[in-house]
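The structure under discussion appears below in the form of structure tokens.
The values are calculated or read from the model by the stated rules, or taken from the named source; none is laboratory data. These figures come from a predicted structure and were not determined experimentally. For the accessible areas, the whole protein counts, side chains as well, though only heavy atoms, and no ligand, DNA or RNA atoms are used. Shrake-Rupley method; radii C 1.70, N 1.55, O 1.52, S 1.80 Å.
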Amino acid sequence: MPTLLLVQGFRFFFYSNENDEPVHVHVTKGNSVAKLWLEPEIIAAYFYGFTKKEQNIILQIAKQHVENFKQKWNEYFAK
């Protein structure tokens, strides 16, 4: 599970066996989890346990780092 970013207690990562899915990241903080599709745009697949405020923070962080996330995904899966 490569960690891409740890900020404000949110851990952004992907699983090493998910290269058969479109580019995305998972997010955890405590017992809360989320999954964000990164292409063709950032869209939440799901948010479980996050408040609306936390969801907005996660989306803002993802927007700021989307190019880096996609680059790391492509490097890891050698695309």
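Structure values in brief
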quantity	calculated
On Cα atoms only, tilt of 52-76 relative to the major axis of the chain in degrees	10
Protein accessible area in the chain, 1.4 Å probe - carbon and sulfur %	49
Accessible surface, the chain, averaged per residue in Å² (probe 1.4 Å)	60
Separation between Cα centres of segment 31-54 and segment 7-25, rounded to whole Å	11
